[in-house]
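A.B. asks: I have a structure I would like to understand better, so I am pasting it below and will then ask my questions one at a time.
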Amino acid sequence: MSVQAFYDDLAPLYHLVYENWDASVGRQGSRLASVIEEQWGTDARTVLDAAVGIGTQALGLLGLGFRVVGADLSPGAVARAIREAARRGLALPCFVADFRALPLRAQSVDVVLVCDNALPHLETEGEIRTTLSECLRCGRPGGGCVISMRDYGPPPPAGTVDAHPYGERVWAGRRFRVRQVWTWQGRHYDFALEIVPRDSNDAPTIVRSRYHAIPVDEVAELMRAVGFERVRRLDDRFFQPLLVGTRGPAS
């Protein structure tokens with residue numbers, strides 16, 4: 001269940017998670033831009049998207065004039081993000097990197113993003129803390145970090161299987177059925193994303209990974225522990241709950 005392999009395999013079809021990916025790019029960019037301005041002002045324009053994926057958040061921010069650098073564990077996702085930016089006439093510098101060890105200078109960006117439930121791929125609190133420390137290191141004094149993640153409650157009994165259908169998607173004249181299947185193992189769950197052609201006998205695409213169902217409030221406490229100030233949860237601003245935290249002024 002390599003996270004890199006999961007996103008490499010998913011990269012060509014990742015947009016099918018969204019009913020209309022291009023619309024989602026614009027909507028998510030606008031909502032994140034609004035949060036960034038509210039938290040850190042209109043001068044906060046340099047962003048590191050530390051889990052860039054195929055560019056869903058980065059492309060939206062680029063379209064609004066932000067300067068964005070992307071990083072992701074998946075070479076396949078990074079390559080697609082760069083292509084998608086070029087298709088829109090935008091430049092998106094990207095590098096392949098694990099967000100537990102980002103190859104950026106300290107204090108080099110205004111805001112670090114870790115969106116779309118990327119952080120719970122890490123299986124221990126120690127790994128999450130390491131990543132948050134890297135986000136703090138890369139942000140300038142007075143800048144901050146934005147995290148989006150699922151709102152996990154208490155886990156069900158081990159062995160419980162939950163299905164989360166997305167419904168039908170249409171792309172390039174073809175129809176697909178998309179759903180998630182979660183198999184719970186305590187505070188972790190095995191995750192399968194199924195993309196099944198509806199109008200051909202082609203084999204389905206099934207990609208698998210594993211998630212740590214850590215509650216939002218526990219991640220907020222880890223943000224405070226590594227040094228973020230004014231850590232807050234924001235609801236109803238994005239398609240997932242947001243956590244925001246600010247790096248304090250230089251000593």
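The values are calculated or read from the model by the stated rules, or taken from the named source; none is laboratory data. Everything numeric here is computed off the predicted structure, so don't read it as measured data. A quick note on method: Cβ atoms are made from the backbone with ideal geometry, for glycine too, and the neighbour counts reach across all protein chains shown. We work out accessible area using only protein heavy atoms, side chains counted, and drop any ligands, DNA or RNA first. Shrake-Rupley method; radii C 1.70, N 1.55, O 1.52, S 1.80 Å.
A.B. asks: With every protein chain kept in the model, how would you rank 95, 66 by accessible area, 1.4 Å probe, largest at the top?
C.D. replies: Final ranking, largest accessible area leading: 95, 66.
A.B. asks: Next question, about the same structure. Can you tell me the orientation of helix 21-40 relative to the chain, as the angle in degrees between its alpha-carbon axis and the longest Cα principal axis, to the nearest 10?
C.D. replies: 20 degrees
A.B. asks: Enumerate the amide H contacts of residue 210 below 5 Å, restricted to partners 5 or more residues apart or on another chain; note that Pro and chain-start residues carry no placed amide H.
C.D. replies: Residues meeting the criterion, in which the H sits 1.01 Å from N, are 191.
A.B. asks: Taking square-rooted eigenvalues a ≥ b ≥ c of the alpha carbon gyration tensor, is the chain rounded, prolate or oblate, where a/c under 1.5 means rounded and, failing that, a/b exceeding b/c means prolate?
C.D. replies: oblate
A.B. asks: Let me ask something else. Please give the solvent-accessible surface of residue 14 in Å², to the nearest 10, using a probe radius of 1.4 Å with every protein chain present.
C.D. replies: 30 Å²
A.B. asks: Next up: Residue separation times 0.36 nm, minus the C-alpha to C-alpha distance between residue 130 and residue 201: what's the value?
C.D. replies: This chain segment gains 21.1 nm when fully extended.
A.B. asks: Probe of 1.4 angstrom, ligands and nucleic acids ignored: what's the accessible area per residue over the range 13-83, in square angstrom?
C.D. replies: Accessible area per residue, the range 13-83: 35 Å².
A.B. asks: Quick check for you: with a 1.4 Å probe and neighbouring chains kept, what is the accessible area per residue of the range 157-213, in Å²?
C.D. replies: 53 Å²
A.B. asks: Take the solvent-accessible surface of the protein heavy atoms, probe 1.4 Å, and return the percent of it on the range 38-154 that carbon and sulfur atoms account for.
C.D. replies: Details: 2220 of 4180 Å².
Summing carbon and sulfur atoms, their accessible area is 53 percent of the total for the range 38-154.
A.B. asks: Can you tell me what share of the DSSP beta bridges in the chain is antiparallel? A percent to the nearest 5 is fine.
C.D. replies: For the chain, the DSSP antiparallel bridge percentage is about 70.
A.B. asks: Quick one: helix 75-87 against the long Cα principal axis of the chain, what's the angle to the nearest 10°, folded into 0 to 90?
C.D. replies: 80 degrees
A.B. asks: Measure nothing but the geometry: give the 0 to 90° angle between the long axis through the Cα atoms of 216-226 and the longest principal axis through the Cα atoms of the chain, rounded to 10°.
C.D. replies: Taking Cα atoms only, the helix is inclined about 40 degrees.
A.B. asks: Let me ask something additional. Excluding residue 165 itself, calculate the net charge of residues whose Cβ lies under 10 Å from the Cβ of residue 165, where each Lys or Arg counts +1 and each Asp or Glu counts -1.
C.D. replies: After counting each charged neighbour, the total is 0.
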